[in-house]
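Colleague: Take a look at this one; I'll ask things after.
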Protein chains: 2
Amino acid sequence: MPHVTEFLKRLLLGRALRSEELGGTLLPKRLALPIFASDPLSSVAYATQEILLVLTLGGLAYLHFTPWIAAAVVFLMAVVVLSYRQVVHAYPSGGGSYEVASANLGPSAGLVVGAALLVDYVMTVAVSVASGVDNIISAVPALAEHRVPMALVFVGLLTAVNLRGVRESGRAFAAPTYLFVTGVLLMCGTGLLRYLLGDPPVAATARYGVEPDPAEADLVGLALVLLVLRAFSSGCTALTGVEAISNGVPAFRRPKPRNAAATLAVMGLIAVAMFAGVTTLAIVADVRIADDACRLTGLPDCENYTQRTVIAQLAAAVFGGESSFGFFYVQAATALVLVLAANTAFNGFPLLASVLAQHRYLPRQLHNRGDRLAFSNGILALAVVAGALLWAYGANVTSLIHLYILGVFTSFTLCQSGMVRHWTRELRTEADPVLRRRHRTSRIVNGIGAAITSLVLVIVLVTKFTEGAWLAVLAAAVLWAAMRSIRGHYDATSAELAVTDPRRELAPPSRVITVVLVSQLHKATLRALAYARATRPDRLEAVTVAVDREAAGELRREWEEAGIDVPLRILDSPYREITRPALAYVRSIRRESPRDVVSVFIPEYVVGRWWENLLHNQSALWLKSRLLFTPGVMVTSVPWQLRSAARADRPAARAPGAVRRGEPVPPPGH
Amino acid sequence: MPHVTEFLKRLLLGRALRSEELGGTLLPKRLALPIFASDPLSSVAYATQEILLVLTLGGLAYLHFTPWIAAAVVFLMAVVVLSYRQVVHAYPSGGGSYEVASANLGPSAGLVVGAALLVDYVMTVAVSVASGVDNIISAVPALAEHRVPMALVFVGLLTAVNLRGVRESGRAFAAPTYLFVTGVLLMCGTGLLRYLLGDPPVAATARYGVEPDPAEADLVGLALVLLVLRAFSSGCTALTGVEAISNGVPAFRRPKPRNAAATLAVMGLIAVAMFAGVTTLAIVADVRIADDACRLTGLPDCENYTQRTVIAQLAAAVFGGESSFGFFYVQAATALVLVLAANTAFNGFPLLASVLAQHRYLPRQLHNRGDRLAFSNGILALAVVAGALLWAYGANVTSLIHLYILGVFTSFTLCQSGMVRHWTRELRTEADPVLRRRHRTSRIVNGIGAAITSLVLVIVLVTKFTEGAWLAVLAAAVLWAAMRSIRGHYDATSAELAVTDPRRELAPPSRVITVVLVSQLHKATLRALAYARATRPDRLEAVTVAVDREAAGELRREWEEAGIDVPLRILDSPYREITRPALAYVRSIRRESPRDVVSVFIPEYVVGRWWENLLHNQSALWLKSRLLFTPGVMVTSVPWQLRSAARADRPAARAPGAVRRGEPVPPPGH
């Protein structure tokens, strides 16, 4: 089942594909589930923990809210999964929230979703990597002081892998996800069974108390409500990535929407089971965790104590300690699935950028694959921003999560609102009463989804804004504005370039006056002269700028000696400039006969090493860039390949990522 | 007397100048002296202080060496001045040490001087600015905590002034130097007169003792000798800049060498008088200064005490305290002349770079003025490196000086050794006994110069290497190696490009096959087609890469509708690349008929804002850069100026620095 990622990308883009490539790559549900679910399922690794971390700000007093908050999250997950099942049926093309919002709420709303999702991909990388590192440190606490470097190394590895293009297969994706799901469910099952048998697992931290944060102790009224809502907002991280399947419908086996919807349901059930299981177990095992280890009472040397993640504490409690096989298995699977989740963002970010570029909201080169830099740029941008966040926030999951959930719920809300509109519009034209009834039900489902996700959006905004969410809002807003102005620019350019009168615009200039720029007499110059002559211009001359009168005289002597039958004109340059006299001369030709066109030939050296470029062509390049501003001029580069150029004329046999995208190797010589 | 700097530059480069510009700009000695002497004379501001700072490492015990060290420095200065008088006579072209070493010791030795001098210019900026800031702080101690920012602001100002080009005149240069010389000599005269009259000036710090540095206390034998030699090395900073006049001979009035030599002598006398005066006065007034204020005994709050420079302490002692007019006058003049000295490096560095570029040791674009970036690059490089040093060394004069003197004495030594060779060679051909005798004397003078400066070079190397001089050595070595390999590259290129058979190399290709690359049908495409047709190719076709089959089909429809009579070829691109299919197609044409040449026309948008470039032409540029590696291809850009391009088509009316160089404004429209 290789070529899956590329395959998804192509289908998402709605492009024609070579039909022979399509055979056999459609996904059965058992592979689609792990491929799309690594991101949403992996969030179980931190969701419960984030709820506890907020609640323990008030000591142990508020921990009894945990089950209620978890229940709310589970309910929310059910709502979102049901809502997205509607999306899957209505928009099987795989455009996801961006498409739904654009189609139903207008391009501006779509763009909001686009901006929010771009920010989200960055946060997926940052949070997943940070949490992965956390779980590795939980298994090997000695690594605690290397948290940030480890996170950056992971980002670096993901970047390298994605830039270089490693063959990915559905199986490679499937294994860690299933290992993780199995491990966590087994852990929950064993733990709860032990509880029922009267031998409940006890976390290593159960014996500690938690000192309340002075600012959050003994809360009443609104303050308490806000704390609980904050904990709920943090728990909503369990929902990140849920919409992934809605982006991947075209990759499913037929009937695509039905299989996708079924997979979504299964994923939802697994996610709910895991989240509920982990949370219950955490309550049963009396897991203690606090934002600052020194708030744990009864801990002897809190300064040097590394708190383990909730998952790690549970695995240790259930499977018999921190050196048991079960513990290491759960930690390894968790870390692996988290890194895999980060990797999905490395696939998704350039892909979304490509769609946005196709809609002319981002520079065109992000759309086409041909440009070697294209996808690399997206990957590097993602890596740099995610790396910077990890560095700035010390790879602290909790701090990073404040920035995360906002984007998710922005796109949920806009998507669900868009769906409501979609059904309303469908109802306007639909006559069949069965379908009308179905559409009405769907509208209610999406309406509930929209109402609840928008409520959560407000809660997240209120409780997280000052804790870092403002940065995510700002980033999305800046992106949104930038994308709008890019679109504006492209639209203006299109209008300016629209053909009005093809015949007149195709009319050739009356004469071509060709000027070959010469600095010295050598092979490159002679080639440029030969080529220029081959274009049969109406007038041909060689022109040199006399930066150095002596050298110019010498050039004329050589010119005559060599018997070159093209006239050489020497332009005076009293101030040792090249660009200005050359430019002035070209413009003077145009002034004399404005209906002619001036063709300027510039011999150029082609070199193989980057630093050699600094030694050549600088004047030529500058002159060329200035000439392009002059109307009625065309500029021809006649290259001379220096020997070293052969070094560089080995274009990468395959574009980066081609392997991963499953493209065959092009025949040599291409 | 304007246009002086540019004038010097041009003459130094040995280029033809417009004769009408030459009139009246030759320098009388009274202006030449201050113009060339701001750098060497300003070093009096720190030379004495640096001697004292080294000696007081051993407390007050070794201060009695001061007069002997000062005497050695004065002797050395006399030797160097006499030696350079010979240079001025023998090499009146103004090439200075670089020319002397290159001509007599070979290009490698010349290049060593070149590298040493480049490093030296950087150090001139760093040391002069740091010392200038020191003297400002001495006048206004409240500024002490802003030392580094102040230094960076000065570097920034000098950079801005030199990038922008401010009109400099000989007078503007002359005034501060004379003010400084007058101030310092008046101070020394008054001080010594008071001493003779029995009322010696007493420095404010005279009452403090100096605790010896534990590492340097009670030295005997070699250790003491080394300390004294270190102090001597530091004192040698008084000699920095002495060779400036030898670079400026062509700017003097006739008889140039004689006037230059006379000016050199006067400068030497003034420098000796100032240095001897300041040093004597410092001994008389019992100035106390230490590398760490807390080594001054009897100082109540040493942590917050800002030591004043020696010049400042003397001015205060002689003129009646730190609020007297004389004190502020001396400090202002000192700071001013030091900044002026830094400015000479801003002129000298790009100039030397230009000479080295002319000799193909540095990229060509540093030589010609035409390229807008040329001189700016040199100025910016100097500013960045000097700024980085000031920042890294906390604008501490003493630390920076360790890096300074080595380059100076490297070029002294090589220059004087070169002169010895020069005279030996002259003696080989000279028959006239009077001249022979004169040459022999000259050879003895330069021989003594070479011996003494090389001895000093060794002393400096030994005593300063571990204190920072290694960095200067390393920088010069890296520069030297880089310049050699640049030269090697240029030489190889020349050899590769040398014309062997002009007739054959001028032979035109048998046919021109023209390909116009098309992405959409718009005005820019039509213009490219029209221009391509005007070059009367043997075969003309439009080519598009079908990144998107639908869009390609659409393009073909539009093409036919518009009735364009150029065939449109659609290249398949199954992997949505642009470059590879286009490149493969061009190469296939060449394979079919290798004697033809392929002319590729690329329509390009010209935009006015930098960010608009990111939105256009990326595929075109990448394709173009790849096409240039293909033999038998020429690439023509047909520009389409978008409306915004008008913004950018206002080339600066004058190149940067043009004003300073005294160039007339070019007529509008150029």
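Colleague: From the list A:Val456, A:Val516, which one is touching a Phe, Trp or Tyr at 6+ places or on another chain (Cβ under 6 Å) and under 30 Å from A:Val547 (Cα atoms)?
Modeller: Unique residue meeting the criteria: A:Val516.
Colleague: Still on this structure: Suppose we filter A:Thr514, A:Thr493, A:Thr535 for residues that are among the polar types (S, T, N, Q), touching a residue at least 12 places away in the same chain (Cβ under 8 Å), facing chain B (nearest Cβ under 7 Å) and farther than 30 Å from B:Ala492 by Cα; which single one remains?
Modeller: A:Thr535 is the lone residue from the list that is among the polar types (S, T, N, Q), touching a residue at least 12 places away in the same chain (Cβ under 8 Å), facing chain B (nearest Cβ under 7 Å) and farther than 30 Å from B:Ala492 by Cα.
Colleague: Is it the case that some residue within the stretch A:33-46 is modelled with pLDDT of 90 or more and in contact with an Asp or Glu (Cβ under 6 Å, 6 or more places away or on another chain)?
Modeller: no
Colleague: Could you tell me how many of the residues in the stretch A:206-223 are touching an Asp or Glu at 6+ places or on another chain (Cβ under 9 Å) and within 22 Å of A:Val456 (Cβ to Cβ)?
Modeller: 1
Colleague: On to the next question. Looking only at the stretch B:562-592, count every residue that is surrounded by fewer than 15 Cβ atoms within 10 Å (Cβ to Cβ) and more than 8 Å from every other protein chain (Cβ to nearest Cβ) and tell me the total.
Modeller: Residues that pass the stated criteria total 7.
Colleague: Also, I was wondering about something else. Identify all residues within the stretch B:517-526 that are touching a residue at least 40 places away in the same chain (Cβ under 8 Å) and within 7 Å of chain A (Cβ to nearest Cβ); write none if there are none.
Modeller: Correct list: B:Leu521, B:Lys523, B:Ala524.
Colleague: Quickly run through the stretch A:501-510 and pick out the residues that are assigned to a loop (DSSP other than H, G, I, E, B) and either more than 8 Å from chain B (Cβ to nearest Cβ) or acidic (Asp, Glu) (or both).
Modeller: A:Asp501, A:Ser510 - these are the residues of the stretch A:501-510 that are assigned to a loop (DSSP other than H, G, I, E, B) and either more than 8 Å from chain B (Cβ to nearest Cβ) or acidic (Asp, Glu) (or both).
Residue-wise test of (1) within 30 Å of B:Trp611 (Cβ to Cβ); (2) surrounded by fewer than 21 Cβ atoms within 10 Å (Cβ to Cβ); (3) within 14 Å of chain B (Cβ to nearest Cβ).
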| site | (1), (2), (3) |
| --- | --- |
| A:Val310 | no, no, no |
| A:Ala317 | no, no, no |
| A:Phe325 | no, yes, no |
| A:Ala335 | no, no, no |
| A:Leu356 | yes, no, yes |
| A:Tyr361 | yes, no, yes |
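Colleague: Let me ask something additional. Of A:Thr525, A:Thr535, which residue is closer than 22 Å to A:Ser625 by Cα and in the same structural domain as A:Ser619 (by TED's automatic domain parsing)?
Modeller: Residue meeting the stated conditions: A:Thr525.
Colleague: Further, regarding this structure: Assess whether A:Val515 counts as being assigned by TED's automatic domain parsing to the domain that holds A:Ile570 and surrounded by 21 or more Cβ atoms within 10 Å (Cβ to Cβ).
Modeller: yes
Colleague: Given the conditions (1) facing chain B (nearest Cβ under 10 Å); (2) under 30 Å from B:Ile564 (Cβ atoms); (3) out of contact with any Gly (no Cβ under 9 Å at 6 or more places or on another chain), which single one is not true for A:Glu550?
Modeller: (2)
Colleague: Related question: Condition check: within 21 Å of B:Ala139 (Cβ to Cβ) and assigned to a helix (DSSP H, G or I). Does B:Leu269 satisfy that?
Modeller: Considered against the rule, which asks whether it is within 21 Å of B:Ala139 (Cβ to Cβ) and assigned to a helix (DSSP H, G or I), B:Leu269 comes out as no.
Colleague: State the number of residues belonging to the stretch A:466-512 that are of a type in the set (Phe, Trp, Tyr) and exposed (fewer than 12 other Cβ atoms within 10 Å of the Cβ).
Modeller: Residues in the stretch A:466-512 being of a type in the set (Phe, Trp, Tyr) and exposed (fewer than 12 other Cβ atoms within 10 Å of the Cβ): 0 in total.
Colleague: All but one of (1) part of a loop (DSSP other than H, G, I, E, B); (2) surrounded by 24 or more Cβ atoms within 10 Å (Cβ to Cβ) hold for B:Ser93; state the number of the condition that does not hold.
Modeller: Against the list (1) part of a loop (DSSP other than H, G, I, E, B); (2) surrounded by 24 or more Cβ atoms within 10 Å (Cβ to Cβ), B:Ser93 comes up short only on (2).
Colleague: Looking only at the stretch B:474-486, decide whether some residue is farther than 30 Å from B:Tyr84 by Cα and more than 7 Å from chain A (Cβ to nearest Cβ).
Modeller: So far as the stretch B:474-486 goes, yes, one or more of its residues are farther than 30 Å from B:Tyr84 by Cα and more than 7 Å from chain A (Cβ to nearest Cβ).
Colleague: Continuing with the same structure: Of the conditions (1) in contact with a Ser or Thr (Cβ under 9 Å, 6 or more places away or on another chain); (2) at the interface with chain B (Cβ under 7 Å from one of its Cβ atoms); (3) aliphatic (A, V, I, L, M), A:Leu555 satisfies every one except a single condition; which number is it?
Modeller: Here A:Leu555 clears every test but (2).
Colleague: Within 14 Å of another protein chain (Cβ to nearest Cβ) and either crowded, with 17+ Cβ neighbours inside 10 Å or among the acidic types (Asp, Glu) (or both) - does that describe any residue in the stretch A:432-439?
Modeller: Scanning the stretch A:432-439 turns up no residue that is within 14 Å of another protein chain (Cβ to nearest Cβ) and either crowded, with 17+ Cβ neighbours inside 10 Å or among the acidic types (Asp, Glu) (or both).
Colleague: I would also like to ask the following. Among (1) away from chain B (no Cβ under 11 Å); (2) out of contact with any strand residue (DSSP E or B) (no Cβ under 6 Å at 6 or more places or on another chain), there is one condition A:Ala530 misses while meeting the rest; what is its number?
Modeller: Only one criterion in (1) away from chain B (no Cβ under 11 Å); (2) out of contact with any strand residue (DSSP E or B) (no Cβ under 6 Å at 6 or more places or on another chain) is unmet by A:Ala530, namely (1).
Colleague: Then there is this: Can you tell me how many residues within the stretch A:303-348 are part of a helix (DSSP H, G or I) and without any contact (Cβ under 8 Å) to a residue 40 or more places away in the chain?
Modeller: 3
Colleague: Still on this structure, I have one more. Name the residue, out of A:Leu314, A:Leu338, A:Leu299, that is in contact with a Cys (Cβ under 9 Å, 6 or more places away or on another chain), assigned by TED's automatic domain parsing to the domain that holds A:Leu53 and either under 25 Å from A:Ser38 (Cα atoms) or not aromatic (Phe, Trp, Tyr) (or both).
Modeller: A:Leu314
Colleague: When you check A:Ser637 against the structure, is it closer than 30 Å to B:Tyr575 by Cα and either modelled with pLDDT of 85 or more or within 7 Å of chain B (Cβ to nearest Cβ) (or both), yes or no?
Modeller: Considered against the rule, which asks whether it is closer than 30 Å to B:Tyr575 by Cα and either modelled with pLDDT of 85 or more or within 7 Å of chain B (Cβ to nearest Cβ) (or both), A:Ser637 comes out as yes.
The values are calculated or read from the model by the stated rules, or taken from the named source; none is laboratory data. A quick note: this is a predicted structure, and the numbers were derived from the prediction, not measured. Heads up, the Cβs are rebuilt from the backbone with ideal geometry, glycines too, and the neighbour counts pull from every protein chain shown.
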